[in-house]
Amino acid sequence: MEDLAANLERVREQIARAATKIGRDVDEIELVAISKTHPAERVREAHEAGQSLFGESRVQEARVKIPELPSAIHWHFVGHLQKNKIRHALPLFEMIHSVDSLVLAQEINRIAEEEGLHPRVLLEVNVAGEGSKFGFKPETLRAEMELLLALPRLTIEGLMTIPPLAEEAEASRKFFVQLRDLRDALEKQFDVTLPHLSMGMTNDFPVAVEEGATLVRVGTAIFGERMRPKRG
(Lines give C-alpha, C1' and ligand atoms only; values in the text may rest on other atoms or scores of the structure.)
Protein backbone atom coordinates (compact mmCIF):
# COMPACT_ATOMS: atom_id res chain seq x y z
CA MET A 1 0.00 0.00 0.00
CA GLU A 2 1.31 3.41 -0.98
CA ASP A 3 2.33 5.80 1.80
CA LEU A 4 0.21 8.72 0.65
CA ALA A 5 1.57 11.24 3.14
CA ALA A 6 5.16 10.50 2.10
CA ASN A 7 4.22 10.58 -1.59
CA LEU A 8 2.46 13.91 -1.25
CA GLU A 9 5.43 15.38 0.60
CA ARG A 10 7.78 14.15 -2.14
CA VAL A 11 5.66 15.65 -4.91
CA ARG A 12 5.33 18.96 -3.07
CA GLU A 13 9.10 19.09 -2.57
CA GLN A 14 9.62 18.53 -6.30
CA ILE A 15 7.18 21.35 -7.10
CA ALA A 16 8.96 23.65 -4.66
CA ARG A 17 12.41 22.83 -6.09
CA ALA A 18 11.23 23.48 -9.65
CA ALA A 19 9.61 26.77 -8.63
CA THR A 20 12.69 27.92 -6.71
CA LYS A 21 14.93 27.03 -9.64
CA ILE A 22 13.31 29.71 -11.82
CA GLY A 23 12.35 32.17 -9.08
CA ARG A 24 8.62 31.42 -8.91
CA ASP A 25 6.55 31.62 -5.74
CA VAL A 26 5.49 28.06 -4.92
CA ASP A 27 2.11 29.38 -3.78
CA GLU A 28 1.33 30.13 -7.44
CA ILE A 29 1.15 26.38 -8.15
CA GLU A 30 -1.72 24.11 -7.11
CA LEU A 31 -1.37 20.35 -6.95
CA VAL A 32 -4.38 18.48 -8.35
CA ALA A 33 -4.22 14.93 -6.99
CA ILE A 34 -5.72 12.73 -9.71
CA SER A 35 -7.81 10.16 -7.89
CA LYS A 36 -9.58 8.44 -10.79
CA THR A 37 -9.98 4.68 -10.26
CA HIS A 38 -8.87 5.01 -6.64
CA PRO A 39 -11.49 4.37 -3.94
CA ALA A 40 -12.96 7.00 -1.66
CA GLU A 41 -11.00 5.76 1.36
CA ARG A 42 -7.72 6.51 -0.42
CA VAL A 43 -8.91 10.02 -1.22
CA ARG A 44 -9.90 10.47 2.42
CA GLU A 45 -6.43 9.33 3.48
CA ALA A 46 -4.80 11.85 1.14
CA HIS A 47 -7.11 14.57 2.42
CA GLU A 48 -6.16 13.76 6.01
CA ALA A 49 -2.52 14.09 4.90
CA GLY A 50 -3.21 17.68 3.85
CA GLN A 51 -4.32 17.45 0.20
CA SER A 52 -7.51 19.39 -0.52
CA LEU A 53 -7.77 19.48 -4.35
CA PHE A 54 -8.52 16.34 -6.34
CA GLY A 55 -9.20 15.57 -9.99
CA GLU A 56 -11.53 13.03 -11.55
CA SER A 57 -11.98 12.12 -15.21
CA ARG A 58 -15.14 10.01 -15.23
CA VAL A 59 -18.42 11.62 -14.24
CA GLN A 60 -20.09 8.34 -13.29
CA GLU A 61 -17.25 7.42 -10.94
CA ALA A 62 -17.22 10.89 -9.41
CA ARG A 63 -20.99 10.86 -8.80
CA VAL A 64 -20.51 7.82 -6.55
CA LYS A 65 -17.26 8.86 -4.89
CA ILE A 66 -17.72 12.55 -4.13
CA PRO A 67 -20.81 12.24 -1.87
CA GLU A 68 -18.90 9.74 0.31
CA LEU A 69 -16.17 12.27 1.09
CA PRO A 70 -15.84 15.44 3.20
CA SER A 71 -17.48 18.54 1.75
CA ALA A 72 -14.24 20.47 2.38
CA ILE A 73 -12.59 18.64 -0.54
CA HIS A 74 -12.35 20.58 -3.81
CA TRP A 75 -12.89 18.79 -7.11
CA HIS A 76 -11.76 19.49 -10.67
CA PHE A 77 -12.81 17.55 -13.76
CA VAL A 78 -9.83 16.65 -15.96
CA GLY A 79 -11.15 14.07 -18.46
CA HIS A 80 -13.00 14.26 -21.75
CA LEU A 81 -16.49 15.57 -20.96
CA GLN A 82 -19.27 14.00 -22.98
CA LYS A 83 -22.21 16.25 -23.71
CA ASN A 84 -24.68 13.87 -22.08
CA LYS A 85 -22.71 14.10 -18.80
CA ILE A 86 -22.58 17.91 -18.54
CA ARG A 87 -25.65 18.27 -16.36
CA HIS A 88 -24.29 15.73 -13.87
CA ALA A 89 -20.78 17.20 -13.89
CA LEU A 90 -21.50 20.88 -13.32
CA PRO A 91 -22.71 20.63 -9.70
CA LEU A 92 -19.82 18.32 -8.73
CA PHE A 93 -16.78 20.22 -9.98
CA GLU A 94 -15.40 23.70 -9.25
CA MET A 95 -13.44 23.72 -12.50
CA ILE A 96 -13.47 21.80 -15.78
CA HIS A 97 -9.98 21.56 -17.29
CA SER A 98 -11.00 19.95 -20.56
CA VAL A 99 -13.33 22.11 -22.65
CA ASP A 100 -12.06 20.90 -26.00
CA SER A 101 -14.40 22.42 -28.62
CA LEU A 102 -16.68 25.38 -29.23
CA VAL A 103 -19.67 23.02 -29.49
CA LEU A 104 -18.94 21.59 -26.03
CA ALA A 105 -18.46 25.08 -24.58
CA GLN A 106 -21.79 26.20 -26.03
CA GLU A 107 -23.56 23.18 -24.56
CA ILE A 108 -21.99 23.76 -21.13
CA ASN A 109 -23.12 27.39 -21.32
CA ARG A 110 -26.67 26.37 -22.24
CA ILE A 111 -27.01 23.86 -19.42
CA ALA A 112 -25.31 26.19 -16.92
CA GLU A 113 -27.92 28.83 -17.74
CA GLU A 114 -30.73 26.33 -17.16
CA GLU A 115 -29.18 25.28 -13.84
CA GLY A 116 -28.25 28.78 -12.67
CA LEU A 117 -24.53 27.99 -12.58
CA HIS A 118 -21.37 29.86 -13.64
CA PRO A 119 -18.72 27.20 -14.32
CA ARG A 120 -15.03 27.97 -14.29
CA VAL A 121 -13.32 26.32 -17.25
CA LEU A 122 -10.02 25.82 -19.00
CA LEU A 123 -9.70 25.31 -22.75
CA GLU A 124 -7.88 22.12 -23.73
CA VAL A 125 -5.37 22.62 -26.54
CA ASN A 126 -3.88 19.80 -28.61
CA VAL A 127 -0.56 21.58 -29.07
CA ALA A 128 1.17 18.55 -30.60
CA GLY A 129 -1.59 17.92 -33.14
CA GLU A 130 -2.02 14.29 -32.10
CA GLY A 131 -4.91 12.60 -33.87
CA SER A 132 -5.68 10.48 -30.81
CA LYS A 133 -6.16 13.44 -28.48
CA PHE A 134 -9.01 15.85 -27.89
CA GLY A 135 -8.51 19.60 -27.81
CA PHE A 136 -8.52 22.74 -29.90
CA LYS A 137 -5.89 23.14 -32.55
CA PRO A 138 -4.06 26.37 -31.70
CA GLU A 139 -5.22 28.04 -34.91
CA THR A 140 -8.83 26.95 -34.28
CA LEU A 141 -8.74 28.38 -30.79
CA ARG A 142 -7.49 31.72 -32.09
CA ALA A 143 -10.31 31.76 -34.66
CA GLU A 144 -13.02 30.82 -32.14
CA MET A 145 -11.79 32.65 -29.03
CA GLU A 146 -14.11 35.61 -29.53
CA LEU A 147 -17.13 33.29 -29.65
CA LEU A 148 -15.91 31.44 -26.57
CA LEU A 149 -15.43 34.65 -24.59
CA ALA A 150 -18.95 35.75 -25.54
CA LEU A 151 -20.54 32.78 -23.73
CA PRO A 152 -22.03 34.56 -20.70
CA ARG A 153 -22.09 31.67 -18.22
CA LEU A 154 -18.52 30.48 -18.65
CA THR A 155 -15.54 31.95 -16.82
CA ILE A 156 -12.57 31.00 -18.98
CA GLU A 157 -9.54 30.97 -16.69
CA GLY A 158 -6.79 29.54 -18.88
CA LEU A 159 -5.55 26.64 -20.98
CA MET A 160 -4.76 22.96 -20.51
CA THR A 161 -2.72 20.47 -22.49
CA ILE A 162 -1.57 16.85 -22.44
CA PRO A 163 1.74 16.43 -24.31
CA PRO A 164 2.65 13.23 -26.17
CA LEU A 165 3.83 10.33 -24.04
CA ALA A 166 7.60 10.37 -23.72
CA GLU A 167 10.20 8.54 -21.67
CA GLU A 168 12.07 11.73 -20.83
CA ALA A 169 10.36 14.63 -19.06
CA GLU A 170 12.44 17.08 -21.05
CA ALA A 171 10.60 16.03 -24.22
CA SER A 172 7.45 17.72 -22.87
CA ARG A 173 9.09 21.12 -22.40
CA LYS A 174 8.51 22.43 -25.92
CA PHE A 175 4.78 21.67 -25.67
CA PHE A 176 4.51 23.48 -22.34
CA VAL A 177 6.30 26.47 -23.87
CA GLN A 178 3.89 26.41 -26.81
CA LEU A 179 0.89 26.43 -24.47
CA ARG A 180 2.30 29.32 -22.44
CA ASP A 181 3.10 31.30 -25.57
CA LEU A 182 -0.42 30.68 -26.93
CA ARG A 183 -1.92 31.85 -23.63
CA ASP A 184 0.18 35.01 -23.72
CA ALA A 185 -0.83 35.71 -27.32
CA LEU A 186 -4.54 35.22 -26.58
CA GLU A 187 -4.35 37.54 -23.58
CA LYS A 188 -2.81 40.23 -25.72
CA GLN A 189 -5.05 39.75 -28.76
CA PHE A 190 -8.34 39.60 -26.86
CA ASP A 191 -7.44 41.80 -23.88
CA VAL A 192 -8.30 39.09 -21.36
CA THR A 193 -6.61 37.54 -18.34
CA LEU A 194 -6.04 33.79 -18.47
CA PRO A 195 -4.21 33.08 -15.22
CA HIS A 196 -4.13 29.29 -15.29
CA LEU A 197 -2.01 26.82 -17.21
CA SER A 198 -2.95 23.22 -16.42
CA MET A 199 -0.01 21.14 -17.56
CA GLY A 200 2.31 18.50 -16.20
CA MET A 201 1.61 15.02 -14.87
CA THR A 202 3.56 12.44 -12.91
CA ASN A 203 6.25 12.03 -15.58
CA ASP A 204 6.94 15.70 -16.26
CA PHE A 205 5.35 18.05 -13.72
CA PRO A 206 8.64 19.66 -12.54
CA VAL A 207 9.33 20.72 -16.15
CA ALA A 208 5.78 22.08 -16.39
CA VAL A 209 6.34 24.14 -13.24
CA GLU A 210 9.53 25.56 -14.75
CA GLU A 211 7.50 26.64 -17.81
CA GLY A 212 4.67 28.32 -15.93
CA ALA A 213 2.15 25.69 -14.86
CA THR A 214 -0.28 26.87 -12.19
CA LEU A 215 -2.10 23.53 -11.94
CA VAL A 216 -0.22 20.22 -12.11
CA ARG A 217 -2.22 17.00 -12.40
CA VAL A 218 -0.43 14.22 -10.52
CA GLY A 219 -1.91 10.80 -9.88
CA THR A 220 0.52 7.88 -10.03
CA ALA A 221 3.26 9.61 -7.99
CA ILE A 222 0.73 10.03 -5.18
CA PHE A 223 -1.63 7.04 -5.35
CA GLY A 224 0.51 4.51 -7.20
CA GLU A 225 -0.64 2.71 -10.32
CA ARG A 226 -4.30 3.04 -11.22
CA MET A 227 -6.73 0.52 -9.79
CA ARG A 228 -7.93 -1.67 -12.66
CA PRO A 229 -11.52 -2.93 -12.62
CA LYS A 230 -11.79 -6.70 -12.20
CA ARG A 231 -13.16 -8.68 -15.11
CA GLY A 232 -15.95 -11.19 -14.81
Q) Of the numbered conditions (1) under 19 Å from T214 (Cβ atoms); (2) of a type outside the set (S, T, N, Q); (3) part of a loop (DSSP other than H, G, I, E, B), A33 satisfies every one except a single condition; which is it? A) (3)
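Tell me whether the range 114-127 contains one or more residues that are in contact (Cβ under 8 Å) with a residue 60 or more places away in the chain and either under 19 Å from L90 (Cα atoms) or touching a strand residue (DSSP E or B) at 6+ places or on another chain (Cβ under 8 Å) (or both). Working first, answer last.
Here is the first cut: in the range 114-127, the ones in contact (Cβ under 8 Å) with a residue 60 or more places away in the chain are 122.
This time we only want the ones that are either under 19 Å from L90 (Cα atoms) or touching a strand residue (DSSP E or B) at 6+ places or on another chain (Cβ under 8 Å) (or both), so: 122.
Looking for residues that are in contact (Cβ under 8 Å) with a residue 60 or more places away in the chain and either under 19 Å from L90 (Cα atoms) or touching a strand residue (DSSP E or B) at 6+ places or on another chain (Cβ under 8 Å) (or both), one finds at least one in the range 114-127, hence yes.
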Q: Please find, among E170, E124, the residue that is within 26 Å of Q14 (Cα to Cα), charged (D, E, K, R) and not in a helix (DSSP H, G or I).
A: E124
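Yes/no per residue for (1) under 23 Å from A166 (Cβ atoms); (2) of a type in the set (A, V, I, L, M, F, W, C); (3) modelled with pLDDT of 95 or more:
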| residue | (1), (2), (3) |
| --- | --- |
| S98 | yes, no, yes |
| S101 | no, no, yes |
| L117 | no, yes, yes |
| L122 | yes, yes, yes |
| F136 | yes, yes, yes |
| R142 | no, no, yes |
**Q.** Which numbered condition L92 misses (of (1) under 22 Å from H196 (Cβ atoms); (2) among the hydrophobic types (A, V, I, L, M, F, W, C); (3) out of contact with any helix residue (DSSP H, G or I) (no Cβ under 6 Å at 6 or more places or on another chain); (4) surrounded by fewer than 18 Cβ atoms within 10 Å (Cβ to Cβ))
**A.** (3)
Q: Starting from the range 48-74, keep only residues that are modelled with pLDDT of 95 or more, then list their pairs with residues that are in a loop (DSSP other than H, G, I, E, B) and of a type in the set (D, E) whose Cβ atoms are within a distance under 7 Å, requiring at least 6 positions of separation or different chains.
A: H74/E94
Q) If R24 passes every condition in (1) surrounded by fewer than 20 Cβ atoms within 10 Å (Cβ to Cβ); (2) of a type outside the set (A, V, I, L, M); (3) more than 24 Å from L197 (Cα to Cα) but one, which one does it miss? A) (3)
Q) Counting only residues that are out of contact with any Asp or Glu (no Cβ under 9 Å at 6 or more places or on another chain) and among the hydrophobic types (A, V, I, L, M, F, W, C), which one in the range 151-174 is surrounded by the fewest Cβ atoms within 10 Å (Cβ to Cβ)? A) L165
Q) Just to be sure, is L148 part of a helix (DSSP H, G or I), at pLDDT 95 or above and either surrounded by 15 or more Cβ atoms within 10 Å (Cβ to Cβ) or of a type in the set (A, V, I, L, M, F, W, C) (or both)? A) yes
Q: Kindly provide the set of residues from the range 168-184 that are closer than 15 Å to D204 by Cα and either free of Cβ contacts under 8 Å to residues at least 12 places away in the same chain or among the small types (G, A, S) (or both), ordered by number.
A: E168, A169, A171, S172, K174
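The values are calculated or read from the model by the stated rules, or taken from the named source; none is laboratory data. Keep in mind it's a predicted model, so treat the numbers as computed, not measured. Here Cβ is always computed from backbone atoms with ideal geometry, including for glycine, and neighbour counts include all displayed protein chains.
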